[in-house]
Amino acid sequence: MDELNIAIVGGGITGLTAAYYLQQKIQAENLPYHVKLFEASGRLGGKIRTLRRDGFIIERGADSFLCRKTAAVQLARELNIDDQLVRNDTGQAYILADHRLHKIPQGSFMGVPTRMVPFFFSNLFSLRGKLRASLDFLMPKGKSVDDQSLGKFLRRRLGRETVENIVEPLLSGVYSSDIDQMSLMATFPQFYKLEQTYGSIIKGLRQTMPKKRTRTGQASGQFFSFTNGLDTFVTTLANKLNSHTVQLHTAVDHIERKAHGYHLLLSNGEVYKAHAVIVASPHLTLPEIFSQFELFQVFKEIPVTSVANVALAFDEDAIRKPAHGTGFVVSRNSPYRITACTWTNEKWPHTTPKGKVLLRAYVGKPDDQDIVHLSDRDITSIVLNDLKNIITIKDDPLFTVVTRYIQQMPQYTVGHRERIEHVRKQMHKQLPGIFIAGSSYEGVGVPDCIAQGEEVVANVIEFLNNRRY
């Protein structure tokens, strides 16, 4: 039987996961399939980028993943690297509002209060704001709708002050988005389900959140990374793949449908013939790759934003900040240009040599995109100026590292799920054997992308098995 080719476009964590699980499936079942992954750049990993310098481990992109999302943990086990997993150290997180660092009230879930006593004693909110948030217990549930703005939904339940001072900076930071444009059903559908089921978000969280065990020591962190950096995932996956599976510095410029599969026109002038294709590159590449198909034009309506982060290394005595603090996010109404800052040496002690401090600050609000395009020097100057107005910094950094992601943060705006579902239905009819997966579609976190990579493998195998017969 002739060998069938499977092409993967994009070498981020989604594409790498798909390549790995395909290889495992092919070997386990002795399938006559061959996998080829094309990556336009000279490196794998996408937004996972780890730099090691002077004893520091610096994450330039994603720095961790949620423990409760099991796809990433399961992959780590399969790769036999789960013994290298490390949880974040817990400590006090803060909100920067009114030029002050305020402790995030205990019992908050993504900013939504589940314990009212800490909430009412917090100085983050006025008495009026606290009373308004409490109306969530009394308000009727909203009408059943297909989708709505996350910001509109949360303001109706909790009021403007709670949303803008704590919920918005926590939730919008995950997606680098404007909360008033974000799709509720594509980002935090659990809030809608809680309201519809319990008539209140707070009541619903109280009923459904796991009960805390009696403390026997320090609380466990909710995030995982690896002792030698998050790119342990990338290097291990790459090393597990067969030789010649990955082809770097090779973009897929165009894909043409043929009678018995697809022709991929590569940037090096070659043509690769495939019987199934997984496109794990950003959504804006598809209207170009499939320019003859109108169905992908809707992807141009999915906006993207840009972000940057600055890692700053210091001697320990150069910094004075709240003890046991792991970092802060910035209130929407703050005049500062940074959006958050992680005190990395506190949250991830393994990343920083003894006697040193590592900070990581973020910029690129939806309404402040110009900052991302400034020079490294200018971005660093802005970040340092903001930080010096928040915590005490006595000396210059030992070094700084600026990382940008230009037009790489997909925005899940209202109607996102319906748009993706419509495209997939049309693909099934017009482009059988073409599959899409990645952060543009069903979750931007590392576990979400890994889960999509694993799921798309099952779809590809099913398609090819049916095709053979």
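Read-outs: derived from the displayed coordinates by stated rules, not from any lab. Everything numeric in this text was worked out from a predicted model, so none of it was measured. Cβ coordinates were reconstructed from backbone atoms using ideal geometry, including for glycine residues, and neighbour counts include every protein chain displayed.
Descriptive notes on the structure:
- Remark: segment 35-45, residue by residue, has Karplus-estimated 3J(HN,Hα) of 10, 9, 10, 10, 10, 5, 8, x, 9, 9, x Hz, where x stands for each Gly or Pro and the curve is 6.51 cos²θ - 1.76 cosθ + 1.60 at θ = phi - 60°.
- Note on segment 418-469 and segment 295-318: Cα centroid distance 26 Å, given to the nearest whole angstrom.
- In terms of distances greater than 25 angstrom between alpha carbons, the cross-link table entries 36/69; 103/130; 69/152; 36/300; 47/258 yield 36/69; 69/152; 36/300; 47/258.
- Gyration tensor (alpha-carbon) shape descriptor, segment 23-85, a/c threshold 1.5: oblate
- Distant-in-sequence amide H partners of residue 223 (H built 1.01 Å from N, under 5 Å): 67, 88
- When only Cα pairs below 8 angstrom with a gap of at least 6 residues are kept, the chain shows a relative contact order of 24 percent.
- Gyration tensor verdict on segment 28-148 (Cα atoms; rounded if a/c is under 1.5, prolate if a/b is larger than b/c, oblate otherwise): prolate
- The separation of segment 104-150 from segment 357-397, counted between C-alpha centres, amounts to 31 Å.
- Stokes-Einstein, applied to the Kirkwood radius of segment 261-348 over Cα pairs at a viscosity of 0.890 mPa s and 25 °C, places its translational diffusion at 134 µm² s⁻¹.
- Prolate/oblate/rounded call for segment 427-469, Cα gyration tensor, a/c under 1.5 rounded: oblate
- Positive contributions from Lys and Arg (+1) and negative ones from Asp and Glu (-1), summed over other residues with Cβ under 12 Å from the Cβ of residue 451, come out at -3.
- Helix 13-29 axis, angle to the chain major axis (alpha carbon atoms, nearest 10°): 50
- Evaluated at q = 0.16, 0.17, 0.21 Å⁻¹, the base-10 log of the normalised Debye intensity for segment 219-287, with identical point scatterers placed on the Cα atoms, takes the values -0.77, -0.82, -1.04.
- For a modelled paramagnetic label at residue 459, 7 Å from Cα along Cα-to-Cβ, the residues of segment 283-313 in reach, with backbone nitrogen under 15 Å, are 283, 286, 296.
- Compared with the alpha-carbon gap, the fully stretched path from residue 25 to residue 79 is longer by 18.0 nm at 0.36 nm per residue.
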